[in-house]
Every structure is written in structure tokens, then in C-alpha cells.
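*Asks:* Quick one: the structure is below, and I'll ask about it shortly.
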Amino acid sequence: MSDIILEMRNITKTFPGVKALDDVNFQVRQGEIHALVGENGAGKSTLMKVLSGVYPHGSYTGEIFYQGQACRFKDISDSEQLGIVIIHQELALVPLLSIAENIFLGNEQQKFGIINWYEAITKTQAVLKKVGLNESPNTLITNIGVGKQQLVEIAKALTKEVQLLILDEPTASLNESDSDALLNLLLELKAQGISSILISHKLNEVSKVADSITILRDGATIETLDCQQDEITENRIIRGMVGRSLTNRYPPREVEIQDTIFEVKNWNVFHPLHEDRQVINNVNIHVKKGEVVGIAGLMGAGRTELAMSVFGHSYGKHISGQVYKHGQEINVSSIGKAIANGLAYVTEDRKSLGLILIDSVKSNITLANLNGIASRFRINQPQELAIAREYRDKLNIKCSSILQKTVNLSGGNQQKVVLSKWLFSSPEILILDEPTRGIDVGAKYEIYTIINQLAAEGKGVIIISSELPEILGVCDRIYVMNEGRIVGEMPKAEASQEKIMEAIMQKKEVLHDE
Amino acid sequence: MSRMTTTPDQVMDQESSLAGITKILRENVRQYGMLVALIAIMIFFQIMTDGILMKPINLTNLILQNSYIVIMAIGMLLVIVAGHIDLSVGSVVAFVGAAAAVMMVNYEMNFLVTVIISLALGALIGGAQGYWVAYLKIPSFIVTLAGMLVFRGLTLALLQGQSIGPFPTAFQRISTGFIPDIFGNESINLTTMLLAAIVSAALVFMDIQSRRKQQQYRVETSPLPIFILKNVVLVGAIMYLSYLMASFKGLPNVLIVLFVLIVAYTFVATQTTLGRRIFAIGGNEKAAKLSGVKTERLTFYTFVNLGVLAALAGLVFAARLNVATPKAGEALELDVIAACFIGGASMSGGVGTVIGAVIGAFVMGVMNNGMSILGIGIEWQQVIKGLVLLAAVFFDVYNKNKG
Ligand SMILES: Nc1ncnc2c1ncn2[C@@H]1O[C@H](COP(=O)(O)OP(=O)(O)OP(=O)(O)O)[C@@H](O)[C@H]1O
Ligand SMILES: [Mg+2]
């Protein structure tokens, strides 16, 4: 066929101890959106890194044909020259530089090394308009949210005359409306003839925009589905991904809710730098023993700030309010005290706040509870290994060894390591911040099962999630948060996506009327 | 599928493929590379100096000359692992030496009291700098750069530009004394040989124990031949060096101090929760903090610890020269820091070993000593040392990237 823009043939890539890609074949047609799906660690990111030259020719076997030509990329600039641009799972923007500076980083509008800022700014304005981002080119990256940062990445790709755009889990940390905006942009680019490869664990998005879907499992191509010919359901994709159908996305569970185990009262928090800005405003929440409570809200609603300020005052200043466990006021003024009082907080930002990336899976799992594997101060190494293996098996963490450095794990497996760390600290109250971000459907199910188990053991679980279906699927009661306040509370029976959105919007109107 | 996800951490011994062997080799190169380099350097100078390097008297001298660098390298390693640096140790050496001299010579204080006060002074200095770094979040480079100037200045003030000495004999023995020979043999110090034999036996015993444990818990171990070779070389080296020293005056007191420090700090770094937490801080301070590690307090203590060790080094240094001078320990911090990096510590923290730092210190020490014997001028010594530092770190980084 002549309309094949990219063909990857028999790609095999090994890392020490792991065959990440095993004879993979992959084809992308001109002007299509091609989704690449698969479980965590299936090799999706690796395949894209091979394609874009992050792993140079020679470090893998197999062949790449782009627009009919055999390609041997030495580095990313080689692939970019041909219009292949990759946007990585972890964004690669410099926080303290402006949008314009980031967009032209490495591709400066210059003559003899002198940057022509007028040209850069004008061009930036043009591409920002194209991606629908209404920000000044001089805004610093730190001052815009992740959703907009994604758009900046795409704008950056556009300035490189992109022909084939690769997006590795672009919507993982976006809320619904930002995700929609991004997907619409992809459709628009497609109309202009730009092909894209989309990696995502959000199968509803995949089935919405994809023209073809390639499924990877354990480093091998399982199949490629053509969405134009037949209607592809999410369940059909899942079957390909995990090798069996998943009848239920959310494991069933017997709910037995008892007394209140944990309560936060009159909680107020101010911004750590702008001390007059109140981030959390008189929040009251409680969790009962055996209950799973969700906190829904848009990005920036203050949910993470609430959780972190409760967890040992790890965020914010001038914190006031009380925290009770079993009706007794407890001291959570330092992280050590919070942990000692049975709290655990699983961060949403696993790379910079959750993991010691240069350390092994084992050391990361035991870090929050070193005393649990030590007699006095000496670490019992065999016991530590046994514990690490136990969690690896229990959470099905894919690693070549528990001594493997976590930096080399796939995103989803990193998440499981962070979760293991906190499970091992045997908390009574567990706060999970976006616990399934970037996690495949099968692993999500496993994590929900663990959450259910914790609740059944009589623990209190709080889940912060931007995915409303997830909140509705797992939680017994849901708080809705907006602009630092609790703006709604509803039991599972009464909750729906519409009602949650309504609660958010209604508060907005009230604020505007004021 | 051919992936090895479910057959993890199994002993890789059996892997007979070429890839397996090269992997084992590479890992062992990384682990023992610096040791091999040290031995190579020693053999090189042994040949070049017509055997002077390993003469008992020179060997003993070499250890005495480098003892204070090793002492500080151990403390510096923990600071570097925690993600910081300390540029002030050279000045602290001078300052503590000067303070000790003033106490003992000017005020005729008892030497033991002096030693205790000096170590406490070191703790105070380390704490003062650590406080700025850990709690006030001032970069350690700047805090200790200031400390370097401050304590050098205070040394000058304290000594009023003069040298103070000599010291009481009891104090000098810290550096110049040898452990007495209880058997009273004329030609060879039997106590030394006995101690060496005991230490060798203990090391081999512990290594076998830990290997057995590792196998019991299905941890990857090095192949048996390499394991045996390693132990034979280790015991051989200990016995040979001890024999050389026994035929001179026996084991220097400082060497015993060094040995105790190396063992104790290796234990702390690798076996204790404290050590693990310090490595975690250097690896990712924020994540460590959110895991309940008291990052500030531990950072503070790594500086206190280095302060004490720098004070000890200051005493050893002064005792060896038998005089406290304003210029004592100048540029010593560079040797100490170089030792840590040669020994595999990472500039960005979270990586390093005590034994690596010690080996690094001896790499520098042997080169200093060997080049001096050869009569190479101080200017070229510096050039060569600089290049060796660069080469060693390059080797390490290159190896890691490949792995
Ligand atoms: N640099 C590396 N060193 C060793 N192993 C690696 C390295 N990079 C990836 N791997 C391994 O290769 C496999 C595939 O990883 P990859 O990141 O491609 O997965 P993925 O499909 O993108 O998963 P996710 O959805 O979780 O992001 C994993 O088992 C991972 O541990
Ligand atoms: Mg990935």
C-alpha cells in the first residue's frame, strides 16, 4: 500500500534482564490517528523511543521505513529532521523559561547565534493560536497547568514541521475538558494531514479518536484493529490487551461501614509563597471505618493541597484546623507524626515525590517503614528482600529483579512501587492521589481490588481522582471540591457525573454573583 | 514469551551465554575496578621506584601520611551521599590543630581532655555549618566556602601567625605510635601478625556468611571462582602488608583507628536504617521527606559527623607534624573530595561507598608518595592527579551508562 507513512519491522530491543520488544511490527497510514495500547510495561514507550531515535540505530534490531525510506536515526534530531516528533510521557519543558523560549529551545530563531525575539514571539503567537492556547508567549511554564503545558509541547512540535506526531500518554494528567481539547486538536491536525501515534490507557479516548489500534502485550504485537471497518468496543480492546475479557471494570465488594475513623475539621491552608492566598477554605471531611471516600473536582481545585497539608503539613503555611482519629485529636504537624498516627499519602507525582529513582524497587518499597524491617537500627536484609518480593507478587510489579532501579520501570509499574511502599507502612487511613494515573485497565482492576481489601480490613480510604467514572465506580461517598472548598457531598446511590459537574458549576456561579 | 519478568533475582551463575559472562565481568569491574586500579598503580610505582614504594618504612609512612585524608573521606562520603559538599575541612583541620596546640602548649592541659574538647569543637563547627545547610537551606557549597575562609582566618588569629609546638609525647603517639609487641620478638612484630590473621579470618568468615544468606534468599551472587579469588586476594593483601609493617615497627596506632572507622561506617552506611535514609535523601530529598525521613535532621548530623572526623584528622595531622601551623591542611579538602569521587560517589548524591572513598584516598596517596620518590615536581604531580581524578570519574560514569 502506498499510503503507509511508517513501517517498523521486526523490532527487538533488550535491556539487561528484559526483552522489552520482541519482534514487533507496526504500521501507520498517512493521515491517521493510530493508537498504541497495552498493559504497563508492554513496551509502548520503548517502541516509540526506538522510532524517534532516543534509542539510536544499533541499540535495537529490526528496520524502520518512513515514507518508503529506510531510516537509521542516531538521535532525536535525525528523526525530527524528517518530521517525526515525540512528546514524552514526562513533559520536557523548562519550568523557568517562557512559552516562547521553550517552543524554540534547541531550534532558536537566530542568525549567527543571535536570537531574533520578534520573530520567535510572532511565530509563537501563531502556533499558540493553532493549538487553541490563549496565553502570552512570555508566560513562564511554571505558571500554567499541565493541560496547557501539553498544548505547548504540541505547539513546539508544530514549529518543527511535524509530519508524524507521537504522544505518549498525553492525557494521563489532564482533566476531562483539557483532554477533550487535546483530542479535538489531534483531529484537527489529522484534517491537515498530520498523522499521529497516540499512547493511552484511557480506552474511551482511544475508541473515540483512533482510526487504527495496535495492541502490544509483553513486548510483542498482538493485533492491529481497524476502526474504520468495524466498530471497536472498549471491551474488544481490553480483550486484546490482557488476553481475556474483563467483564467488570470495578471489582464488586461487600460494603460494611462502621464508625467514623478519621475526621478533618475546619481545615484552612494558605499558599506557601503567597501567604495571603488561602488555598483551602474551611474544609470538613470525614471517613468511616471500611469506607472508600472520593474527592472529585477539577484540576487545581485544591485536592492535592488538602491531602498534603493533612499529611504532616507537607504543603502550605498557616495551617489551622483539627484532625481526629477514632474521635481523638491527633497531631499531624510533621510527616513522621502523621505516619506514626497511621496516615499514608500516595502522591500523584510519582517521579519527583514518590520514588527514589536511582534506588531499587526493594529500597523504595521499604523506605517509609524501615523500622518494620529492622531490629533496633540494623536492617534485616533477608526480611527486606522477602517483603519486597511479597509486594512484587501481590501487586504484580513487572521488573527484572527487585534490585532493579525504579528509573527503568514502566510508568505503571513505578506507580505500583509507590503504592507498595505505603501499603507496607500498614496505615489506618490511606489517601490515594490519582492512584491509577497512567495505569492499564488490568492493573487498575488490581488496584481497586486492593483498595476494597483495605476497606474490608476496616481502614479508611480517601481517593482523589480526576476520572469521574473511577470515583463513581469505587467510592461509597463522594465529596466535590472546587476552589479550595467542599462544594458538594453525595452518597454513591445519588451520585452521577452530571451531579458532580453540577456541584462544581453551581459553586462557580455563586462565586461570580458575589 | 521470552521475557524474564517472573523469574527474577535468581542466581545468574548458571547463565552460560556470552552475554551472561560479560555482564558478570562488567558488574565486577564496577565493584572492584577502583581496587584493581589501586593495585595497578601500586605495582607501577613499585617497579618505577625500584621497590622503594613497598619498603616497610615507606609503606608505614604512606599510611601515616594519608590517614587524615582517609578519616575525612569517610565523613565526606556521607555528606556527598546526602547530596552536599564540605569545602571547609582543610581549614577545620588547621583550626582544631591550632586550638589543641593552644590548649596543650600554652595552657598545659591534659592531652586527653584536649582531645575530647577538640572533637567537641569539631562537632560544634560541623553543626554550625550543617544548620545553615539543613535548616536554612543555604547551598552547602556556599556555606562551607564561607566556613573555609572563616576557619582559616580564625586559625591565623589563634596562632597569631606563629607555629605552636612541640606537643607532649602522649599526644604525639596518636600519630607516631605503634601498637606494642606483647611477644617481644626482635625481628618481627608478632602481635601485628596475630591481629592481621584474626582480622583476615573474621573478614572471610563474614563474607562466607553473607554469601550463604544471599543464596538462601535467592539473591544474585558473584560466581564461586570470583568469590574465592576475591577472598584469597584480600587475605593475601592483608597478610602481606601486615608482614611488611611487622618487619618495621608493627601496626601504627592510626591504622587501628582507621580500621575501626572503616568497619563502623561501612556498617552504618550499608546495614542500618540511618544509612539507608541518608542515601534516600541524596537520591530524592522530596520523596524521602514524604516517606517520613527527617531530612533536615539527618543532613545536619552528616555535617556534625564530618566536623568530628575533621577534628580527629586535625589532631592526627598536628600530632604527626608535632606542631600546629597556620598553613596546616591547606587544599586538603580537595584531596578528600577527590577521594570520594574517585571511589565512585556521585556528585548529585545518593551513590557512594565508604570503602570506595578509602580506596580513592589511597589512590591519591600512593600517587603522591610514588611521584615524590621519583622526584617529580609538585607542578606535574598536580597535573597528573587532576587527570587521574577525571579519568576515574569518566570510567565510572561510562560504565554506569553502559549498564
Ligand atoms: N532503560 C531501561 N532499562 C531496563 N529496563 C527498561 C528500561 N526502559 C524500559 N525498561 C523495561 O522495558 C519494559 C517496557 O517498558 P515501557 O516503558 O516501554 O512500557 P510501557 O508500555 O510504556 O508501559 P507504561 O504504560 O507503564 O508506560 C518494562 O518492563 C521496563 O521495565
Ligand atoms: Mg510508557
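*Asks:* What is the one condition in (1) part of a loop (DSSP other than H, G, I, E, B); (2) more than 30 Å from A:Glu80 (Cβ to Cβ) that A:His201 does not satisfy?
*Replies:* Looking at each condition in turn, A:His201 falls short on (2).
*Asks:* Do we have A:Leu6 as part of a strand (DSSP E or B), at pLDDT 90 or above, over 18 Å from A:Asp211 (Cα atoms) and open to solvent by less than 20 Å² (accessible area, probe 1.4 Å) here?
*Replies:* no
*Asks:* Sticking with this one: Given the residues A:Tyr66, A:Tyr60, A:Tyr118, which is the only one that is within 15 Å of ligand 1 (Cβ to nearest atom) and either outside the structural domain of A:Gln414 (by TED's automatic domain parsing) or surrounded by 14 or more Cβ atoms within 10 Å (Cβ to Cβ) (or both)? Walk me through it before giving the result.
*Replies:* Numbers: A:Tyr66 fails: within 15 Å of ligand 1 (Cβ to nearest atom); A:Tyr118 fails: within 15 Å of ligand 1 (Cβ to nearest atom).
Matching residue, one of A:Tyr66, A:Tyr60, A:Tyr118: A:Tyr60.
*Asks:* Among the residues of the range A:217-227, is any within 14 Å of another protein chain (Cβ to nearest Cβ), of a type in the set (Gly, Ala, Ser), surrounded by fewer than 23 Cβ atoms within 10 Å (Cβ to Cβ) and within 13 Å of ligand 1 (Cβ to nearest atom)?
*Replies:* yes
*Asks:* Taking only the range A:309-318 into account, find how many residues are open to solvent by 40 Å² or more (accessible area, probe 1.4 Å) and over 14 Å from B:Ala287 (Cα atoms).
*Replies:* 3
*Asks:* Can you report the number of residues in the range A:355-367 which are under 27 Å from A:Val287 (Cβ atoms), among the hydrophobic types (A, V, I, L, M, F, W, C) and within 10 Å of chain B (Cβ to nearest Cβ)?
*Replies:* 2
*Asks:* Taking the options A:Glu390, A:Glu384, name whichever one is crowded, with 21+ Cβ neighbours inside 10 Å, among the acidic types (Asp, Glu) and more than 9 Å from chain B (Cβ to nearest Cβ).
*Replies:* Details: A:Glu390 fails: crowded, with 21+ Cβ neighbours inside 10 Å.
Just a single option satisfies the conditions, and that option is A:Glu384.
*Asks:* Test A:Ser352 against the criterion of being open to solvent by 20 Å² or more (accessible area, probe 1.4 Å), facing chain B (nearest Cβ under 9 Å) and in contact with a Pro (Cβ under 8 Å, 6 or more places away or on another chain), and give yes or no.
*Replies:* When the stated conditions are applied, A:Ser352 does not pass them.
Let's see how each residue does on (1) surrounded by 22 or more Cβ atoms within 10 Å (Cβ to Cβ); (2) in contact with a helix residue (DSSP H, G or I) (Cβ under 9 Å, 6 or more places away or on another chain); (3) touching a residue at least 60 places away in the same chain (Cβ under 8 Å):
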| position | (1), (2), (3) |
| --- | --- |
| A:Val283 | yes, yes, yes |
| A:Val292 | yes, yes, yes |
| A:Tyr324 | no, no, yes |
| A:Leu357 | no, yes, no |
| A:Ser363 | yes, yes, no |
| A:Thr366 | yes, yes, no |
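*Asks:* Out of A:Ile463, A:Ile387, report the one residue that is touching a residue at least 40 places away in the same chain (Cβ under 8 Å), more than 16 Å from ligand 1 (Cβ to nearest atom) and outside any loop (DSSP other than H, G, I, E, B). Step through it out loud before you land on a result.
*Replies:* Values: A:Ile387 fails: touching a residue at least 40 places away in the same chain (Cβ under 8 Å).
Checking each option against the conditions leaves just A:Ile463.
*Asks:* I'm trying to understand the selection: among the residues of the range A:228-260, which are among the small types (Gly, Ala, Ser) and open to solvent by less than 20 Å² (accessible area, probe 1.4 Å)?
*Replies:* Within the range A:228-260, A:Gly240 is the sole residue that qualifies.
*Asks:* Moving to a separate point now. Please count how many residues of the range B:252-287 are in a helix (DSSP H, G or I), within 7 Å of another protein chain (Cβ to nearest Cβ) and without any contact (Cβ under 8 Å) to a residue 12 or more places away in the chain.
*Replies:* Residues that pass the stated criteria total 5.
*Asks:* In the range A:96-171, which helices (runs of 4 or more DSSP H) lie fully inside it and hold 3 or more residues that are closer than 22 Å to A:Gly193 by Cβ?
*Replies:* Answer list for the range A:96-171: A:117-131, A:146-159.
*Asks:* Look at A:Ile11 and say whether it is assigned to a strand (DSSP E or B), more than 14 Å from every other protein chain (Cβ to nearest Cβ) and either within 14 Å of ligand 1 (Cβ to nearest atom) or buried (at least 23 other Cβ atoms within 10 Å of the Cβ) (or both). Before you say what the answer is, go through the steps one by one.
*Replies:* Values: assigned to a strand (DSSP E or B): yes; more than 14 Å from every other protein chain (Cβ to nearest Cβ): yes; either within 14 Å of ligand 1 (Cβ to nearest atom) or buried (at least 23 other Cβ atoms within 10 Å of the Cβ) (or both): yes.
Taking the combined requirement at face value, the residue satisfies it.
*Asks:* Still on this model: Enumerate the pairs (first residue in the range B:79-95 and farther than 11 Å from B:Val336 by Cα; second residue anywhere and part of a loop (DSSP other than H, G, I, E, B) and at pLDDT 95 or above) with beta-carbon separation below 8 Å, excluding pairs fewer than 6 apart on the same chain, so at least 6 apart or on different chains.
*Replies:* Going by the 8 Å Cβ cut-off, the qualifying pairs are B:Val79/B:Ile85; B:Val79/B:Asp86.
*Asks:* Let me ask something else. Sort out for me the helices (runs of 4 or more DSSP H) sitting completely within the range B:51-148 that have 1 or more residues that are open to solvent by 60 Å² or more (accessible area, probe 1.4 Å).
*Replies:* In the range B:51-148, B:56-81, B:111-134 are the helices (runs of 4 or more DSSP H) which contain 1 or more residues that are open to solvent by 60 Å² or more (accessible area, probe 1.4 Å).
*Asks:* Could you count how many residues in the range A:43-78 are part of a loop (DSSP other than H, G, I, E, B) and not charged (D, E, K, R)?
*Replies:* First pass over the range A:43-78, keeping only residues part of a loop (DSSP other than H, G, I, E, B): A:43, A:53-60, A:67-68, A:72-75.
Applying the additional criterion that residues be not charged (D, E, K, R) yields A:43, A:53-60, A:67-68, A:73.
Of the residues in the range A:43-78, 12 are part of a loop (DSSP other than H, G, I, E, B) and not charged (D, E, K, R).
*Asks:* Let me ask you something else. Out of the range A:399-410, which residues are open to solvent by 10 Å² or more (accessible area, probe 1.4 Å) and either in a loop (DSSP other than H, G, I, E, B) or within 14 Å of ligand 2 (Cβ to nearest atom) (or both)?
*Replies:* A:Ser400, A:Ser401, A:Leu403, A:Gln404, A:Val407, A:Asn408, A:Leu409, A:Ser410
*Asks:* In the range A:14-50, which residue that is under 20 Å from A:Thr436 (Cβ atoms) and away from chain B (no Cβ under 14 Å) is nearest to ligand 2 (Cβ to nearest atom)?
*Replies:* A:Ser45
*Asks:* Further question on the same structure: Taking the conditions exactly as written (outside any helix (DSSP H, G or I) and either within 16 Å of ligand 1 (Cβ to nearest atom) or more than 13 Å from every other protein chain (Cβ to nearest Cβ) (or both)), does A:Ile451 satisfy them or not?
*Replies:* So A:Ile451 does not fit the description; no.
*Asks:* What's the number of the only condition in (1) within 15 Å of ligand 1 (Cβ to nearest atom); (2) more than 30 Å from A:Gly243 (Cα to Cα); (3) not in a loop (DSSP other than H, G, I, E, B) that A:Leu91 fails to meet?
*Replies:* Unmet condition: (3).
*Asks:* Would you please list the contacts, defined by Cβ atoms under 7 Å and residues six or more apart or on different chains, that run from a residue in the range B:185-206 that is in a helix (DSSP H, G or I) to a residue that is of a type in the set (Val, Ile, Thr)?
*Replies:* B:Thr191/B:Ile179; B:Thr191/B:Ile182; B:Ala196/B:Ile238; B:Val199/B:Ile238; B:Ser200/B:Val235; B:Ser200/B:Ile238; B:Val204/B:Val235
*Asks:* Which of the residues spanning the range B:293-344 are in a loop (DSSP other than H, G, I, E, B) and either more than 14 Å from chain A (Cβ to nearest Cβ) or open to solvent by 10 Å² or more (accessible area, probe 1.4 Å) (or both)?
*Replies:* B:Lys294, B:Asn322, B:Val323, B:Thr325, B:Pro326, B:Lys327, B:Ala328, B:Gly329, B:Glu330, B:Ala331, B:Gly343, B:Gly344
*Asks:* Residue under question is A:Leu182, and the condition is that it be of a type in the set (A, V, I, L, M), in a helix (DSSP H, G or I) and free of Cβ contacts under 8 Å to residues at least 60 places away in the same chain; does it hold?
*Replies:* Answer is yes for this residue.
*Asks:* Of A:Ser195, A:Ser207, A:Ser212, which residue is of a type in the set (Ser, Thr, Tyr) and out of contact with any His (no Cβ under 8 Å at 6 or more places or on another chain)? First the steps, then the outcome.
*Replies:* Working: A:Ser195 fails: out of contact with any His (no Cβ under 8 Å at 6 or more places or on another chain); A:Ser212 fails: out of contact with any His (no Cβ under 8 Å at 6 or more places or on another chain).
Answer to the check: A:Ser207.
*Asks:* Determine, yes or no, whether B:Leu290 is facing chain A (nearest Cβ under 8 Å) and open to solvent by less than 70 Å² (accessible area, probe 1.4 Å).
*Replies:* Details: facing chain A (nearest Cβ under 8 Å): yes; open to solvent by less than 70 Å² (accessible area, probe 1.4 Å): yes.
Against the criterion (facing chain A (nearest Cβ under 8 Å) and open to solvent by less than 70 Å² (accessible area, probe 1.4 Å)), B:Leu290 qualifies.
*Asks:* Right, here's the next one. Going by what's in this entry, would A:Leu370 be described as within 7 Å of chain B (Cβ to nearest Cβ) and away from ligand 1 (no atom under 15 Å from the Cβ)?
*Replies:* The answer is yes for A:Leu370.
The values are calculated or read from the model by the stated rules, or taken from the named source; none is laboratory data. Keep in mind that what you see is a predicted model, and the values were worked out from it rather than measured. Neighbour counts are summed over all protein chains in view; Cβ atoms, including those assigned to glycine, are modelled from backbone coordinates with ideal geometry. These accessible areas exclude ligands, DNA and RNA; they are computed on the full protein's heavy atoms, side chains included. Shrake-Rupley method; radii C 1.70, N 1.55, O 1.52, S 1.80 Å.
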